[in-house]
């Protein structure tokens, strides 16, 4: 990885910002001690490298690093290089529709400016919980039924709680199950076995 960063520096003129975005959980579960030793060594080598400066997006913006538009962007997902684990099938799309309804209600209530600062803070936090993409990972029939049921129920409860915090009545559909798993993948739902995706 460090050699790749050196190649980028050699190939490109001037200072460049390279985003390194690592999965917070799944990528490390098979490393000794959840990747602690590997990540510590990596950060140490990056921090001590004479040609690499560690920073954050916020620091780049504060330091007025030039932001250039991208002509093209691709999915950065480590799962098939697509977003199919989170969106696309009927159950996943239904979850996104439910979240969209809740977000529109959130926007309407915020525009009315009827909540106290504390209520706004609670509602914003609850919306952030509802927007977590891994809810959608579990929706669909290829994951084990018990896991799907647990995540699906919790997702609906979180959406209902958001409506409650907004002072709005939750839609009746939040009382109904919308997805059931029936799969038994080798990884217990952590990852689907490789499948060939249609081209195009």
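The values are calculated or read from the model by the stated rules, or taken from the named source; none is laboratory data. These figures come from a predicted structure and were not determined experimentally. Positions of Cβ are generated from backbone atoms using ideal geometry, with glycine treated the same way; all protein chains shown enter the neighbour counts.
Residues of the range 165-177 being in contact with a helix residue (DSSP H, G or I) (Cβ under 9 Å, 6 or more places away or on another chain) and either free of Cβ contacts under 8 Å to residues at least 40 places away in the same chain or not in a helix (DSSP H, G or I) (or both), which ones? Hits for the range 165-177 are 167, 168, 169, 170, 171, 175, 176, 177. Please enumerate the residues belonging to the range 59-86 that are surrounded by 13 or more Cβ atoms within 10 Å (Cβ to Cβ) and over 30 Å from residue 151 (Cα atoms). Matches in the range 59-86: 60, 65. Among the residues of the range 135-150, those identified as assigned to a loop (DSSP other than H, G, I, E, B) and farther than 14 Å from residue 99 by Cβ are 140, 141, 142, 143, 144. The one condition from (1) part of a loop (DSSP other than H, G, I, E, B); (2) over 30 Å from residue 9 (Cβ atoms); (3) free of Cβ contacts under 8 Å to residues at least 40 places away in the same chain that residue 67 does not meet is (2).
Of all residues in the range 36-58, those satisfying the criterion of being surrounded by 12 or more Cβ atoms within 10 Å (Cβ to Cβ) and either assigned to a helix (DSSP H, G or I) or not assigned by TED's automatic domain parsing to the domain that holds residue 15 (or both) are 38, 39, 42, 45, 46.
Among the residues of the range 83-93, not a single one is in a loop (DSSP other than H, G, I, E, B) and over 24 Å from residue 182 (Cβ atoms). Looking across the range 70-83, the residues that are more than 16 Å from residue 136 (Cα to Cα) and without any contact (Cβ under 8 Å) to a residue 40 or more places away in the chain come down to 70, 71, 72, 73, 74, 75, 81. Scanning the range 155-172 for residues that are closer than 25 Å to residue 143 by Cβ and either surrounded by 14 or more Cβ atoms within 10 Å (Cβ to Cβ) or at pLDDT below 75 (or both), we see that the one that is farthest from the chain's Cα centre (by Cα) is 171. Is it fair to say residue 105 is assigned by TED's automatic domain parsing to the domain that holds residue 152 and more than 25 Å from residue 172 (Cβ to Cβ)? No, not satisfied.
Selection within the range 22-39: residues that are at pLDDT below 80 and within 29 Å of residue 60 (Cβ to Cβ). The member of this set that is farthest from the chain's Cα centre (by Cα) is 28.
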